[in-house]
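The values are calculated or read from the model by the stated rules, or taken from the named source; none is laboratory data. The structure displayed is predicted, hence computed values, not measured ones. Because the Cβ atoms are built from the backbone with ideal geometry, glycine has one as well, and the counts that use them run over all protein chains shown. Note: accessible area is taken over every heavy atom of the protein model, side chains too, but ligands, DNA and RNA are not part of it. Shrake-Rupley method; radii C 1.70, N 1.55, O 1.52, S 1.80 Å.
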Amino acid sequence: MTENVSNVSKEHAMNIMNVDYSTKIPNNVNLSEDRQVLKALEGWHPGYMNWWGDMGPEGFQQSLVYLRTAYSVDPRGWAKFDYVKMPDYRWGILLAPQEENRVIPFGEHFGEPAWQEVPGEHRAMLRRLIVIQGDTEPASVEQQRHLGKTAPSLYDLRNLFQVNVEEGRHLWAMVYLLQKYFGRDGREEADDLLRRRSGDADSPRMLGAFNEATPDWLSFFMFTYFTDRDGKMQLHSLAQSGFDPLSRTCRFMLTEEAHHMFVGETGISRVVQRTVEAMKAAGISDPNDVAKVRALGVVDLPTIQKKLNLHYTLSLDLFGSEVSTNAANAFNAGIKGRFHETQIKDDHRLQNSTYPVLKLVNGEIKRVDEPALTALNMRLRDDYTQDCVKGLLRWNKIISTAGYDFKLTLPNVAFHRQIGEFKDIHATPDGVLIDDATWNKRKGEWLPSTDDGDFIASLMIPVTEVGEFASWISPPKVGIDNKPGDFEYVKIET
Ligand SMILES: [Fe+2]
Ligand SMILES: [Fe+2]
């Protein structure tokens, strides 16, 4: 008897772990028995393929790309690598296994069983959060669509396309939730996700950073390091959700997202590495001698700092206002938790606690204690900043190991902000408040100027020979799927 029960549950667990590739839409949510949702998704599919054709990577659609595809949601071995043409990638619906007896880990419903259906009273809020998350996924594909033309190597080209197809899958993940749990208005939202366009004047994507251009590969690496990391923080918070299907979706998305941030972190490492090597070989001792360094065909460190300043601050804006009743409501409702909520040792209700928030008080930046509930955006942003620091330590290690006295730093959170407490003032990267005139005179020292952009653009010459790399970036230490340095990650001629 006991044995039978455990066999049955084991088999059940296997079904959830492994992805069914027999249907048009790969999934581990038993779509073949969920006819209505399957039909809705099949109805949405052609529009998605049209969107991919119009707004997905420009060119290379007939190239064979060495991509990973998820075959299981088991964190120990879920991917298979193979050559795939991007339009043939099997986008699918993959949820982490359901945790038995999971309870809502925070808010007013703390300790109650997690919801398997949408709680009626929180329906609108939940739908909005899913739509906002969903909107970022196709947006980044649109932002990156021109980059294939200037990839510094086949290795990098492959990584770009891997990120792109997975962002496409993340859109599927959110669309599944909308179509399965939100009826007609969910279907309308799913259609709208294919209608909006990054940077479009009439129908832009919902969040600022996702309407910015990603003009070059340094931007791409900064974006995957800083902006995908905002995505990580948002997904972690939603992975805590009392709405269990959302939690399970986000948990699996996080395993894919890790690669995107790896691409960013190692990409910047390789740029920094190449720069300091070239400087050393040429006997340049001053890293701030921009003209001399640029003459070597590498990106000078001050320009890397400016790009970092831009992408970090655009990403900070994604966390919203430091003090927010929306954030408090989503937490109280059990919809959106904190980063690592279940590991935090407190009451998980936050009715009486406070959290320090950086605010502008009488013209000065000060820490002010606010109710912890309304300060949740600030808290998540602080967690994000801490997470960002790790990469900077690695990049600075490369610089100091090469013998250079130069440190990449994160600018003060008051610098270059369009959302929140500091949106109406100007501050230096060190957090010193300055007037408009000073800002206009000096901003070129801190943010990429047109000249900087032109210089970086001049380096963006595509390299498509197997095993070769552009002048401004080092090869990776290890290949994807442990492939050797001369592996043909993208077969362009087909
Ligand atoms: Fe994503
Ligand atoms: Fe991502």
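Before moving on, here are some points about what is shown:
- The distance separating the Cα centre of the range 288-337 from that of the range 375-451 comes to 7 Å.
- Percent accessible area from carbon and sulfur atoms, the chain, protein chains only, probe 1.4 Å: 49 percent
- Estimated translational D of the range 311-382 in µm²/s (Stokes, Kirkwood radius over Cα pairs; 25 °C; 0.890 mPa s): 190 µm²/s
- Compactness of the range 258-299, taken as the C-alpha radius of gyration over 2.2 N^0.38 Å, stands at 1.34.
- In the chain, taking the dipole from charged Cβ atoms about the Cα centre, the farthest positive-side position among Ile461, Phe223, Ser203 is held by Ile461.
- Whether the chain is rounded, prolate or oblate, judged on the alpha carbon gyration tensor where a/c under 1.5 counts as rounded: oblate
- Distance from the C-alpha centroid of the range 23-51 to that of the range 234-265: 22 Å, rounded to the whole angstrom.
- Net charge dipole, the range 336-494: roughly 600 debye, given to the nearest 20, about the Cα centre with Cβ charges of +1 for Lys and Arg and -1 for Asp and Glu.
- Extents of the range 126-263, taken as max minus min of Cα coordinates on every principal axis and listed largest first, are 44, 34, 21 Å.
- Rounded to the nearest Hz, the phi-derived 3J(HN,Hα) couplings of the range 158-167 under the Karplus curve 6.51 cos²θ - 1.76 cosθ + 1.60 (θ = phi - 60°) are 4, 5, 4, 5, 4, 4, 4, 5, 6, 5, where x marks glycine and proline.
- Spatially close Lys pairs in the range 215-363, defined by Cα atoms under 25 Å apart and a spacing of eight or more places or different chains, total 12.
- Under 20 Å from Lys407, Cα to Cα: aspartates and glutamates that are on another chain or at least 8 residues apart: Glu265, Glu277, Asp286, Asp289, Asp300, Asp387, Asp430, Glu445, Asp452
- Amide H contacts under 5 Å for Asp20, placed H, 5+ residues apart: Asn27, Asn28
- Rg/Rh for the range 261-331, where both radii come from Cα atoms and Rh is the Kirkwood radius: 1.24
- Taking all protein chains into account, the per residue accessible area for the chain stands at 43 Å² (1.4 Å probe).
- Amide H contacts under 5 Å for Trp115, placed H, 5+ residues apart: Phe243, Asp244
- Cα-based equivalent ellipsoid, the range 21-145: semi-axes from gyration tensor eigenvalues, Å: 31, 19, 16
- Within the same chain, aspartates and glutamates fewer than 8 places from Lys483 are excluded, and of the rest, those with a Cα less than 15 Å from its Cα are Asp82, Asp156, Glu468.
- Computed from label points 7 Å out along Cα-Cβ, the spacing between Asn482 and Lys441 is 6.0 nm.
- Protection proxy ranking of 374-386, 415-427, 449-461, 202-214, by the mean of other Cβ atoms within 10 Å over each peptide's residues and highest first, is 374-386, 415-427, 202-214, 449-461.
- Loop-located trypsin sites (Lys or Arg not before Pro) in the range 73-115, at most 11 other Cβ atoms within 10 Å (DSSP): Arg76
- A crude spin-label estimate for the pair Asn101 and Glu364, with each label 7 Å from Cα along the Cβ direction, gives 5.4 nm.
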